[in-house]
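Everything below concerns the one structure shown next.
The values are calculated or read from the model by the stated rules, or taken from the named source; none is laboratory data. None of the values given here were measured: they were computed from a predicted structure. Cβ placement follows ideal geometry from the backbone for every residue including glycine, while neighbour counts extend to all protein chains displayed. The accessibility values were calculated without ligands, DNA or RNA, using every heavy atom of the protein model including side chains. Shrake-Rupley method; radii C 1.70, N 1.55, O 1.52, S 1.80 Å.
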Amino acid sequence: MDSRIFSDFPMGLDEDLLKVPMENRLYYQPESNELFINLENYAIRCKEDIEALYANVENACASLEKPVYCVVNYDNFVTVSHFIDHYLDMIRYFKQNYFTQMNGYTTSAFLRTQINNTLGKQKEALNLFDSLQAAEQALKD
């Protein structure tokens, strides 16, 4: 039996049930030359969160030895405001060095607006769509 049941503190079930290891958040599809990055339920709350994301994407892209199309799932993505600039720097780096094109998507209209407003203030262009299908179709167009 899990001893957390008897604790006065939160059990941390959200971490156990929702946390996807970073290495399982990247998937490369060679037929379409697309790298999928799943940031669903991912939170950037500290420097280590950005470093983990950066290192895993860098390793995946460097091993491919060619530019790729990138699609990012932003459903329930969260970042602390003072890490936005670091996140944007990372996006710029990957766009310049590894991505032919980068599209993102989230099913949440609120989150799409929030991301667009935040990134718009930073003058960063991110093609953000309401579905995976729309993001992939935009890569083909």
Among the candidates TYR27, TYR69, residue that is outside any helix (DSSP H, G or I), exposed (fewer than 15 other Cβ atoms within 10 Å of the Cβ) and in contact with a strand residue (DSSP E or B) (Cβ under 6 Å, 6 or more places away or on another chain): TYR27
Odd one out for LEU126 among (1) surrounded by 14 or more Cβ atoms within 10 Å (Cβ to Cβ); (2) modelled with pLDDT of 90 or more: (2)
Search result, residues across region 80-122 that are open to solvent by less than 30 Å² (accessible area, probe 1.4 Å) and either in contact with a Gly (Cβ under 6 Å, 6 or more places away or on another chain) or in a helix (DSSP H, G or I) (or both): PHE83, ILE84, TYR87, LEU88, MET90, ILE91, PHE94, LEU111, ILE115, LEU119
Unmet criterion (only one of (1) among the hydrophobic types (A, V, I, L, M, F, W, C); (2) modelled with pLDDT under 90; (3) more than 19 Å from ASN116 (Cα to Cα); (4) open to solvent by less than 50 Å² (accessible area, probe 1.4 Å)) for ILE5: (4)
Number of positions in region 60-97 that are over 13 Å from LEU126 (Cα atoms) and touching a residue at least 60 places away in the same chain (Cβ under 8 Å): 1
Flag for GLU40 being among the charged types (D, E, K, R) and assigned to a helix (DSSP H, G or I): no
